[in-house]
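The values are calculated or read from the model by the stated rules, or taken from the named source; none is laboratory data. In this text, all values refer to a predicted model and were calculated from it rather than measured experimentally. Here the Cβ positions follow ideal geometry from the backbone for every residue, glycine too, while neighbour counts run over all protein chains shown.
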Amino acid sequence: MAARPPIYERQVDQDGVVRIQKKRTGGGLWLVWLALGFTALCVALGLWLESPSDSESPPPERVPARVVERAPAPPSVHPAPRTMPPPPVPAQPQAVVEDAVAQGPAEGLDLYRPGTKPLKQGIIVPEDFELPPGYVRHYQATDEGERVQPILMFHPDYQPLDADGQPMELPANRVVPPELAPPGMPLDILELPSGPEGVEPIP
């Protein structure tokens, strides 16, 4: 396409001077079209940003897991092993006695548990010796059940008198001391072996 020839514009001022200059054509029109194109580009860009992107794919659908039921195992042909009962535990009487001693206040039969009543030491009463009124034989046994020789004690209802006829003071356990033994009685003191029950000495 051939270029357009330039257009000259002739102007005369007040002094009569003639000026001929090149007329500008198409400059302003070009700027208008450039502005319109830029505006259209901005509008198109804004619409494109607001529209949802086609590249985003929808989330995949979840496929439910398949439940596979296992067939029951065939019964075992082997017989179950026989379990032997545990052997019986032997009794431990000594541990029971220790536990009974370590318990709290005694009640009922626990009043006579081992170690609660010591053996009394006193004068041995021969089996063939006849006791006068006011005296009795007192029989005892150890915690293991072994009988010991009888000792001499005052009867619970007996109250001896002194030379002035006044009641004599007796020991709290009512065991007869050697000085108050009846006449003719041998003064053999019972010797007790040491044990868990303990020994209460003669007064």
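When restricted to residues that are β-branched (Val, Ile, Thr) and either at pLDDT below 70 or not in a helix (DSSP H, G or I) (or both), segment 8-58 contains 5.
Being polar (S, T, N, Q) and in a strand (DSSP E or B) is the filter here; which residues of segment 116-158 pass it? Answer for segment 116-158, where residues must be polar (S, T, N, Q) and in a strand (DSSP E or B): 140, 149. The lone criterion from (1) over 19 Å from residue 120 (Cα atoms); (2) modelled with pLDDT of 95 or more; (3) not aromatic (Phe, Trp, Tyr) left unmet by residue 160 is number (2). Is it fair to say residue 148 is modelled with pLDDT of 95 or more, in contact with a Phe, Trp or Tyr (Cβ under 9 Å, 6 or more places away or on another chain) and of a type outside the set (Ser, Thr, Tyr)? The answer is no for residue 148. Within segment 187-203, the residues that satisfy the criterion of being touching a Pro at 6+ places or on another chain (Cβ under 7 Å) and part of a loop (DSSP other than H, G, I, E, B) are 187, 196, 197, 198, 202, 203. Restricting attention to segment 160-203, the residues being loosely packed, with under 12 Cβ neighbours inside 10 Å and either of a type in the set (S, T, N, Q) or touching a Lys or Arg at 6+ places or on another chain (Cβ under 8 Å) (or both) number 2.
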